[in-house]
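Q: Got a structure here, written out as structure tokens. Questions coming.
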Amino acid sequence: MATDNRPLSPHLQVYRPQLTSVLSISHRITGILLSFGAVLVVLWALAVASGPDAYQALIQFMGSVPGLIVLATWTFALFFHLLNGIRHLLWDAGWLLDLRGAYASGWAVVALSVILTIAVWGGLA
């Protein structure tokens, strides 16, 4: 048996990331971020139930720069996951399955997620 140092199958370094694979991985990551956001909602409810001091402490954190970054990231994750989920529903219906449609819808998801996040946070400023 020959002893080669070559891998048995192509390694990830051989492949160039494609939009579809990057969006698929991003969809999973945003799903996880949304789960953390659900924990944040529970913490908010606990702070409300615990009294004004606990609620004020949470609101103070959410108003700080790290808190605002967390909330803005969660907002982007919400829009991205929602829009990419709609994109997957369109695929399930047999639409946009060609390469051009897949890339156009992928870039639309990214652009709309950014635009909607900016619109929400711009309206709050």
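The values are calculated or read from the model by the stated rules, or taken from the named source; none is laboratory data. Only a predicted model underlies this, so the values are computations on that prediction, with no experimental measurement involved. Every residue, glycine as well, gets a Cβ built from its backbone with ideal geometry; the counts of neighbours run over all protein chains shown.
Q: Report, ordered by the first and then the second residue, all pairs with beta carbons closer than 6 Å, sequence separation of six or more or different chains, a first member in segment 58-79 that is without any contact (Cβ under 8 Å) to a residue 24 or more places away in the chain, and a second member that is small (Gly, Ala, Ser) and in a helix (DSSP H, G or I).
A: Leu58/Ala47; Phe61/Gly67
Q: Right, next: Pairs please, first residue from segment 96-111 and under 14 Å from Ser24 (Cα atoms), second anywhere and of a type in the set (Gly, Ala, Ser) and in a helix (DSSP H, G or I), Cβ atoms under 9 Å, 6+ apart in sequence or on different chains.
A: Val110/Ser26
Q: For segment 8-45, enumerate the residues that are among the small types (Gly, Ala, Ser), over 15 Å from the mean Cα position of the chain (by Cα) and modelled with pLDDT of 95 or more.
A: Ala45 - this is the single residue of segment 8-45 that is among the small types (Gly, Ala, Ser), over 15 Å from the mean Cα position of the chain (by Cα) and modelled with pLDDT of 95 or more.
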